[in-house]
Amino acid sequence: GNSVTQMEGPVTLSEEAFLTINCTYTATGYPSLFWYVQYPGEGLQLLLKATKADDKGSNKGFEATYRKETTSFHLEKGSVQVSDSAVYFCALSDKAAGNKLTFGGGTRVLVKP
Amino acid sequence: NAGVTQTPKFQVLKTGQSMTLQCAQDMNHNSMYWYRQDPGMGLRLIYYSASEGTTDKGEVPNGYNVSRLNKREFSLRLESAAPSQTSVYFCASGLAGPYEQYFGPGTRLTVT
């Protein structure tokens, strides 16, 4: 079956530091890949997505590139802010598995001033 | 455009009580989903509805039932609540296909 593995947190950073959250996946088909963000007390919001190999998704200074050869979709941001403190989820949607989303366990990020 | 709405936001139940969580979307999406979120376990799919009139089990359906009332509304029912169902429940909707889903704000349920 499908699965998503992402690095465990919490990740604690200082403001303006570089952030990387690793995500790797296993899928039976050719999935679409997503990063969602959950701010405290809120639901999940789509942060960015990529639907085919070598696509780069980007939003709010975050980027992730769909790497089919390494089955990875790592999230990066060059200079984090306190407001980026949240839980980040990597996910995939695979037509071969009925298009349901499969989530990683989430990575909590805490940015300190 | 409210997106996905859920009621209630918070609920406390005693073991054995029943309740229904309500979800509605105004984005004309065909597909709707119910997830539960537990610490360290990400989101797990309980039930989903690929289109109006159809429902299917997800990863953790035991103890739950669902109703797709119409294209907008998808409810989740706990017939006899158990402490193991203490969780945060999220409803989501999306277009048919391998596309993103849009999430509601969640319902925090505690079963004592």
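Please treat every number below as a calculation from the coordinates, not as lab data. All values reported here derive from a predicted model rather than from experimental measurement. Here the Cβ is made from the backbone with ideal geometry for all residues, glycine too, and neighbour counts use every protein chain on show.
Assorted remarks:
- Each Lys and Arg adds +1 at its Cβ and each Asp and Glu adds -1 at its Cβ; summed about the Cα centre, chain A shows a dipole of about 280 debye.
- For A:Lys68, the aspartates and glutamates whose Cα comes closer than 18 Å to its Cα, not counting residues fewer than 8 places off in the same chain, are A:Asp54, A:Asp55, A:Glu76, A:Asp94.
- For A:Cys23, distant residues with modelled amide H under 5 Å away: A:Phe73, A:His74, A:Leu75
- Where labels lie 7 Å past Cα in the beta-carbon direction, separation of B:Asn70 and A:Gln45 in nm: 3.0 nm
- Normalised convex hull volume, the range B:1-83, alpha-carbon set, Å³ per residue: 101 Å³
- Each 10 Å bin from 0 upward holds the following percent of the Cα-Cα pairs of the range A:25-113: 17, 49, 27, 6, 0.
- DSSP-defined beta bridges in chain B - what % are antiparallel, rounded to 5: 90 percent
- All C-alpha pair distances within the protein assembly as shown, sorted into 5 Å bins from zero, spread as 1, 7, 15, 18, 19, 16, 12, 7, 3, 1, 0 percent across the bins.
- Here the Karplus curve 6.51 cos²θ - 1.76 cosθ + 1.60, taken at θ = phi - 60°, turns the phi angles of the range B:78-94 into couplings of 9, 6, 8, 5, 10, x, 5, 8, 4, 5, 9, 10, 10, 9, 9, 9, x Hz, with x standing for Gly and Pro.
- FRET E, pair B:Ser80, A:Lys95, Förster distance 45 Å, beta-carbon r, rounded to 0.05: 0.80
- For the pair A:Lys56 and B:Asn28, a Förster radius of 30 Å applied to the C-beta separation gives a FRET efficiency near 0.55, rounded to the nearest 0.05.
- Residue order, fewest to most beta carbons within 10 Å, for B:Tyr35, B:Tyr99: B:Tyr99, B:Tyr35
- For the range A:97-112, 3J(HN,Hα) per residue [Karplus equation, 6.51 cos²θ - 1.76 cosθ + 1.60, θ = phi - 60°, Hz, x = Gly/Pro]: 10, x, 6, 6, 7, 10, 9, x, x, x, 10, 7, 10, 10, 10, 9
- When each of A:Lys100/B:Lys57; A:Lys77/A:Lys112; A:Lys60/A:Lys100; A:Lys49/B:Lys57; A:Lys52/B:Lys57; A:Lys49/A:Lys100 is checked by Cα-Cα distance, pairs over 19 Å: A:Lys60/A:Lys100; A:Lys49/B:Lys57; A:Lys52/B:Lys57
- Amide hydrogen neighbours beyond the local backbone of A:Leu48, cut-off 5 Å, H modeled: A:Trp35
- Residue-by-residue Karplus 3J(HN,Hα) for the range B:4-13, coefficients 6.51, -1.76, 1.60, Hz, glycine and proline x: 10, 10, 9, 9, x, 7, 9, 7, 10, 10
- Its Cα centre serving as origin, the protein assembly as shown has a Cβ charge dipole (Lys and Arg +1, Asp and Glu -1) of approximately 420 debye.
- Expressed as a fraction of 2.2 N^0.38 Å, the value expected for a compact globular protein of N residues, the C-alpha radius of gyration of the range A:1-60 is 1.29.
- About the Cα centre, charge dipole magnitude for chain B (Lys/Arg +1, Asp/Glu -1 at Cβ), debye: 260 debye
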